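Taking it in order: structure first as structure tokens, then the write-up.
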Amino acid sequence: MEDNSYYGIPIKDEYIPKHASKHDYYSNYNENNNKINRNLNNNKYNEKNNINKKKRKLKKWFWTLLLIFFILIIIFCVLKLFLWGKDNRKTSNIVDDVYENIDINEIVDNENTELIGEDSDKNSDYWYYIKFPLIDVDINKLKGKNSDTVGWINVNNTNINYPYVQYKDNDYYLNHSYDKSYNEAGWVFMDYRNDSNLNNKNTILYAHSRLDKTMFGSLSKTLKSNWYTNKDNHIIRLSTENENTLWQIFSVYKIKEESYYITTSFASDSKYQEFLNTIKERSLYDFNTNITSDDKILTLSTCYSDTERTVVHAKLIKRNIK
């Protein structure tokens, strides 16, 4: 019998073209199969190559966008530094102009001097601070420069020695200078809820904490032990149109942003005493100061960080009616 097999594979004669041998048939079969495999491989290669190209393209776009992002950040920072420096120079010029045109005079106690909340303990620090002279500034003259002026503030061993203003809200002087021009450095201002004649239980002054130590930028010094250990630093002096006053510091601290310490009115003396006890207990240092609901206090507030505040509280201990 004729062997109709090729490499052991049975072959039927009727499926072999008459003009081709078995060998030719399988050669063509293998060649076609190889072409198909090559086409499949080429397709896979092309598909993989396209995927890699897309990945490289995406990666290129990612790094391009990232570079653009960082360039924009750099431009923004440079612009902020330029504007910050411009605001600082403008503020410095305004401060210099104020100093050149105003006199700050220390005054001795006289018949118009009143001691507030006299301490029966003769060894109390109260009697040490009460001897400090008051300061007197012509507020009417300053009103010629800015009609919103209500007083002058001086804090020992800091850069705080400025006129302060009051507006109908607590926003305007966050970004306006003493000459009322737009300035991110702002100015020192009194809470709009306060009586400019210092008749509230809690009078509050605000200002930005500037890096160049202008405005309330040096208020953070009160948190440092070397500031605290110098007793002469523990006073604040104000001068208004009607009176000059001396305030004894009894609490300094930093705290998360809140509204409690800037309360200006209280339902009762007991609520006020509770408030006083709370803010006194917050202090980083013990100022050995008695504080009662009969006392009026002054609060200074500025930013320590974006979410924290530096706070200083002082009580009124002496006044002189002009």
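General observations
- Filter result (among the charged types (D, E, K, R) and in contact with a helix residue (DSSP H, G or I) (Cβ under 6 Å, 6 or more places away or on another chain)) within region 211-263: ASP212, LYS221, GLU241
- Members of region 148-157 that are under 24 Å from the mean Cα position of the chain (by Cα) and either basic (Lys, Arg) or in a strand (DSSP E or B) (or both): ILE153, ASN154, VAL155
- Region 120-150, residues that are surrounded by 15 or more Cβ atoms within 10 Å (Cβ to Cβ) and either in contact with a Pro (Cβ under 7 Å, 6 or more places away or on another chain) or closer than 18 Å to ASN233 by Cβ (or both): SER124, ASP125, TYR126, TYR129, ILE130, PHE132, PRO133, LEU134, ILE135, LEU142, THR149
- Residues that are assigned to a strand (DSSP E or B) and of a type in the set (D, E, K, R) within region 298-308 comprise just one, GLU308.
- GLU241 meets each of the listed conditions (1) within 22 Å of LYS141 (Cα to Cα); (2) modelled with pLDDT under 95; (3) among the acidic types (Asp, Glu) apart from (2).
- Contacts under 6 angstrom Cβ, first residue in region 294-322 being closer than 19 Å to ILE139 by Cβ, partner among the small types (Gly, Ala, Ser), 6 or more apart: LEU298/ALA314
- Test for VAL137: is it under 23 Å from ASN320 (Cα atoms), of a type in the set (A, V, I, L, M, F, W, C) and touching a Phe, Trp or Tyr at 6+ places or on another chain (Cβ under 7 Å): yes
Per-residue answers, yes or no, for (1) of a type outside the set (Asp, Glu); (2) part of a loop (DSSP other than H, G, I, E, B); (3) in contact (Cβ under 8 Å) with a residue 12 or more places away in the chain:
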residue: VAL165; (1), (2), (3): yes, no, yes
residue: ASN170; (1), (2), (3): yes, yes, yes
residue: ASP179; (1), (2), (3): no, yes, yes
residue: TYR192; (1), (2), (3): yes, yes, yes
residue: ASP195; (1), (2), (3): no, yes, no
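- Check on ASN161, in the same structural domain as TYR304 (by TED's automatic domain parsing) and surrounded by fewer than 21 Cβ atoms within 10 Å (Cβ to Cβ): yes
- Residue in region 272-288 that is at pLDDT below 95 and closer than 25 Å to ILE135 by Cβ present: yes
- Scanning region 194-212 for residues that are under 16 Å from ILE153 (Cβ atoms), within 14 Å of the chain's Cα centre (by Cα) and not polar (S, T, N, Q) gives TYR206, ALA207, HIS208, ARG210.
- Residues that are small (Gly, Ala, Ser) and touching a Leu at 6+ places or on another chain (Cβ under 8 Å), drawn from region 109-129: GLY117
Each row is one residue, and each column tells you yes or no for (1) basic (Lys, Arg); (2) touching a residue at least 60 places away in the same chain (Cβ under 8 Å); (3) part of a helix (DSSP H, G or I).
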| site | (1), (2), (3) |
| --- | --- |
| ASP96 | no, no, yes |
| GLY117 | no, yes, no |
| ILE135 | no, yes, no |
| LEU142 | no, no, yes |
| ASN146 | no, no, no |
| ASN159 | no, no, no |
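- Test: residue in region 184-193 that is surrounded by fewer than 19 Cβ atoms within 10 Å (Cβ to Cβ) and modelled with pLDDT under 95: yes
- Residue pairs meeting the criteria (Cβ under 9 Å; at least 6 apart or on separate chains; first closer than 16 Å to VAL150 by Cα, in region 217-242; second crowded, with 18+ Cβ neighbours inside 10 Å and charged (D, E, K, R)): SER239/ASP136
- Qualifying residue in region 100-107 (condition: farther than 30 Å from ASP212 by Cβ, in a loop (DSSP other than H, G, I, E, B), among the charged types (D, E, K, R) and modelled with pLDDT of 80 or more): no
The values are calculated or read from the model by the stated rules, or taken from the named source; none is laboratory data. Small disclaimer: the values here were computed from a predicted structure and weren't measured. Neighbour counts are summed over all protein chains in view; Cβ atoms, including those assigned to glycine, are modelled from backbone coordinates with ideal geometry.
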